[in-house]
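The values are calculated or read from the model by the stated rules, or taken from the named source; none is laboratory data. Not measured: the values here are computed from a predicted model. Reconstructed Cβ throughout: ideal geometry from the backbone, glycine too, with neighbour counts over all protein chains shown.
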Amino acid sequence: MDADRGFQFRRRRPVSIRRLGIALVAAAIGCASAEDPPGDAAEVETLPLVDLLVLADGSVVETAEDWRDRRRPELLELFAANMHGRTPIGRPESLRFVVREEKPDARSGSATRLRVGILFEGREGGRRMELLLHLPNQVEGPVPVFFGLNFDGNFTTTAEDDLPVPDHYVQGLYQKVPDHRADESMRGCHASMWPHDAILARGYGLATACYGEVEPDLPRQWWHGPRVLAPPGEPDSWGAIGGWAWAMSRALDYLETHPRVDAGRVAAVGFSRLGKTAMWAAAQDERFAAVISQNSGKGGVSLSKRISGERVSNLTGTSIGHWFCPRYRRFADNEAALPVDGNCLAALIAPRPLLILSASEDGWSDPEGEFLSGRSAGAVYELLGHEGLETEEWPEPGVLVDSRVGYYLRRGKHNVTPEDWRATLDWADRHLKR
C-alpha cells in the first residue's frame, strides 16, 4: 500500500477544530540487532547522562518541592519540545462512551467482559477506539486494572470466539498481514502476551485497545486519528506516540466511571513502541497509578546516551520517524546533544511504582541500558521519600527486583511472555494492590 495515498479503512477527512549513585562506565558497543546478546561485542561508549537533579539554569534540586514545581515541568517541556511533541488537547467536550456489550459469565464464568466504544468526537462515524475490559468475578468491590494498547486487534489478545474481527488497521506484529487487514485466522494469536486467566485469578482486571484503530502506524496517516483535532505542522508537533498516549488517557477517562474499577490503581502497560507510549502517557497523566515498561528500549526507558543497540537515527528514519516530533531528527547520530533520555522519562513516573522488564537477547533495546536508567531515576524516588531500584548490579535473568522501581530480566528475545507476567503480578501484589 502506498502510504501517500492514505490508509483506506474508514477513510476520513481532517476537521478544524540524588543523582546516579554509581558512575556509569564504558560498556559494550554495537549490539546492533535484536538477535545479538548484550555484552557479546567489545566496549561501548556511555555519554554523560542528563543530571536529573540539576535545573537548566545550573541550580540544584534539593527538595521535593523543587522537583515538583520546577524540575519535573522542565523535563516535560524538554520532551515535548524535542522528542514527543506537544499534546495540545486534553479530554474533548464531545467525548462519549458507549457500552456495546456486558457479558457477566465470560471465560467460563470467571470474568465480566465489557466492550466499550470510546468516541473521541462523540459520534459513531468519528474517530474512536474500542476498549475490551475483563474484570474478575471472584473479587468484590473495585479492583486494580492493567491497561495497555495491543498491536493487532482486541480479538488477538484472547481466543474467545465471540469477539468481532475488526475492520481497522492492524500492524501484523509477528506475521505478515496483507493490507494490514485482520481476518479470522488471527484470533487469539497474541493470547500468550495477554494471559487473561492468570491475571484475573490474581484479582486484577485487564483492559486493552488496538493502537492501530487510534492511528495507523504508517507515515503521514495522522489525519485518521486524534491528531487531526490539533493537526501537526510544526517542529514540536505531536507524533504518533503522542496520539496513542493521548488515547490511553481517554480510556482512563472511561475506567474512572466504572464502579468495579479502582480508578486509583490503574497501571499503564506497554511493549516495545507501545512501552514508549505507556511511559509517555503516564509521564503526562499522573492518574496512572503505576507503569509496566515491557522492552520499551531506546526512546523509551533505555538510555540513548549509552551507544548500544538502536540509535536515534533509526528512530527518526522514514519508516518510524512519525512516532516522534520532527525536531527529534536533529539528534540523529548526535545523542550527546539530547536534553532528555530514558532516565528522565523514568523519573517522570516518580513517586509512582515503575517496573522495567527486559530480555537478555534484546540487544536492540539494550537491556542493560534499561536497568541503568532505572538505577538513575532512583535518585528522584529517594528525594521524594521512596526507595529506588534496590540493587547496584545488573541482575541475572530470572531474578525479580521488587523495589518501587522494579526490574526483571528474562532470557530470550524481544517479546512478552507468561514469565514476564508472572514477574509483573508478583511485583504488582506489593505495589499495586491495597
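Across region 242-262, what is the total count of residues that are out of contact with any Cys (no Cβ under 9 Å at 6 or more places or on another chain) and closer than 19 Å to GLU121 by Cβ? Let's see the steps before the verdict.
From region 242-262, those out of contact with any Cys (no Cβ under 9 Å at 6 or more places or on another chain) are 243-262; that's our starting set.
If we keep only those that are closer than 19 Å to GLU121 by Cβ too, we end up with 243-254, 257.
Result for region 242-262: 13.
How many residues, within region 155-186, are among the aromatic types (Phe, Trp, Tyr) and exposed (fewer than 15 other Cβ atoms within 10 Å of the Cβ)? If you could, list the steps in order and put the result at the bottom.
Filtering region 155-186 down to residues among the aromatic types (Phe, Trp, Tyr) leaves 155, 169, 174.
From the residues that got through so far, the ones that are exposed (fewer than 15 other Cβ atoms within 10 Å of the Cβ) too are 174.
Going through region 155-186 one residue at a time, the tally reaches 1.
Across region 225-249, what is the number of residues that are in a helix (DSSP H, G or I) and crowded, with 24+ Cβ neighbours inside 10 Å?
Residues of region 225-249 in a helix (DSSP H, G or I): 226-229, 240-249.
Within this subset, residues satisfying the condition of being crowded, with 24+ Cβ neighbours inside 10 Å are 226-227, 240-248.
Final tally of qualifying residues: 11.
Against the conditions (1) surrounded by 16 or more Cβ atoms within 10 Å (Cβ to Cβ); (2) over 22 Å from the mean Cα position of the chain (by Cα); (3) among the charged types (D, E, K, R), where does ARG375 fall short? Just the number, please.
So the condition that ARG375 fails would be (2).
Looking at LEU354, is it under 16 Å from the mean Cα position of the chain (by Cα), hydrophobic (A, V, I, L, M, F, W, C) and within 20 Å of GLU393 (Cβ to Cβ)? Explain how you work it out, then say what you get.
Values: under 16 Å from the mean Cα position of the chain (by Cα): yes; hydrophobic (A, V, I, L, M, F, W, C): yes; within 20 Å of GLU393 (Cβ to Cβ): yes.
It is true that LEU354 is under 16 Å from the mean Cα position of the chain (by Cα), hydrophobic (A, V, I, L, M, F, W, C) and within 20 Å of GLU393 (Cβ to Cβ).
Using beta carbons and a limit of 6 Å, which pairs, at least six apart or on different chains, have the first residue in region 65-85 and under 12 Å from LEU55 (Cα atoms) and aliphatic (A, V, I, L, M) and the second one part of a helix (DSSP H, G or I) and at pLDDT below 95?
none
Quick test for you: out of ARG410, ARG422, pick the one residue that is surrounded by 17 or more Cβ atoms within 10 Å (Cβ to Cβ) and either closer than 26 Å to ALA263 by Cα or not polar (S, T, N, Q) (or both).
Numbers: ARG422 fails: surrounded by 17 or more Cβ atoms within 10 Å (Cβ to Cβ).
One residue alone meets the criteria, ARG410.
With the requirement that a residue be in a helix (DSSP H, G or I), out of contact with any Lys or Arg (no Cβ under 9 Å at 6 or more places or on another chain) and crowded, with 18+ Cβ neighbours inside 10 Å, what does region 187-223 give you? Give the steps one after another, and end with the answer.
The initial filter retains those residues of region 187-223 that are in a helix (DSSP H, G or I), namely 191-193, 196-201, 211-214, 222-223.
Remaining after also requiring out of contact with any Lys or Arg (no Cβ under 9 Å at 6 or more places or on another chain): 191-193, 199, 201, 212, 222.
Listed by number, the residues that qualify are MET193, ILE199, GLY212, TRP222.
Contact list please: Cβ distance under 8 Å, first residue in region 148-168 and within 21 Å of TRP244 (Cα to Cα), second residue among the aromatic types (Phe, Trp, Tyr) and in a loop (DSSP other than H, G, I, E, B), pairs at least six apart or on different chains.
Taking only residues 6 or more apart or on different chains, the pairs are ASN150/TRP194; THR157/TRP194; ASP167/PHE9; HIS168/PHE9.
If a residue counts only when it is of a type in the set (Val, Ile, Thr), which strands (runs of 3 or more DSSP E) contained entirely in region 96-160 have at least 2 such residues? Show your work before the answer.
Details: elements: 96-106, 111-119, 128-136, 143-150.
Here the list reads 96-106, 111-119, 143-150.
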